[in-house]
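Values in this text are rule-based calculations from the coordinates and carry no lab data. In this text the structure is predicted, and so the values were computed from the model without any measurement. Cβ placement follows ideal geometry from the backbone for every residue including glycine, while neighbour counts extend to all protein chains displayed.
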Amino acid sequence: MNMKKDRIVGYTTGVFDLFHIGHLNLLRKAKEQCDYLIVGVSTDELVGYKNKHSVIPFEERKAIVASIKYVDEVVTQEDMDKMAAWKRLHFDVMFVGDDWKGTDKWNEIERQMNEVGAKVVYFPYTKGTSSTLINETLNKLRDKN
């Protein structure tokens, strides 16, 4: 019996620190390709594994993302295991920045997603805007004072 799903569930994740136009573009483009968009927001602990620290605390980042009109649901991202996320959320498509495309890690994630009938869609990064760049600019401004 071939039943057509009544809606396409999308999933994307991020830190969403210092929310900027690149974040908004990602969420808007993702929502254009699905009916229901779930967004995983990385915990402060998860961000810390890269020896980075978010400027905005987790609960505030989560509240900001939840307020975006393109977002239907916000979940906590405590690890980078995309298959575990799929098992919890059963999304049909996962959206990610194209800076990951072709890497060994994401080739494997694509293979795993294909096995469960989900696909990975890569979006181009918004050029010239990143939380890292904003942080570097702020640090330079602070150093002048």
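Applying the criteria of a DSSP loop state and at most 13 other Cβ atoms within 10 Å to the chymotrypsin sites (Phe, Trp or Tyr not before Pro) of the range 1-93 yields TYR49. With the Cα gyration tensor of the range 25-91 giving a ≥ b ≥ c as the square roots of its eigenvalues, does the rule (a/c under 1.5 for rounded; else a/b larger than b/c for prolate; else oblate) give rounded, prolate or oblate? It is oblate, given that a/c is not under 1.5 and a/b is not larger than b/c. Within the range 73-115, which GluC sites (Glu not before Pro) sit in a loop by DSSP and count at most 15 neighbouring Cβ atoms inside 10 Å? Those that pass, being in a loop and sparsely packed, are GLU78. In a DSSP loop and with at most 15 other Cβ atoms within 10 Å, the trypsin sites (Lys or Arg not before Pro) in the range 68-129 are LYS69, LYS101, LYS127.
Structure note, pairs LYS52/LYS87; LYS52/LYS119; LYS31/LYS119; LYS31/LYS52: Cα-Cα distances above 25 angstrom occur for LYS52/LYS87; LYS52/LYS119; LYS31/LYS52.
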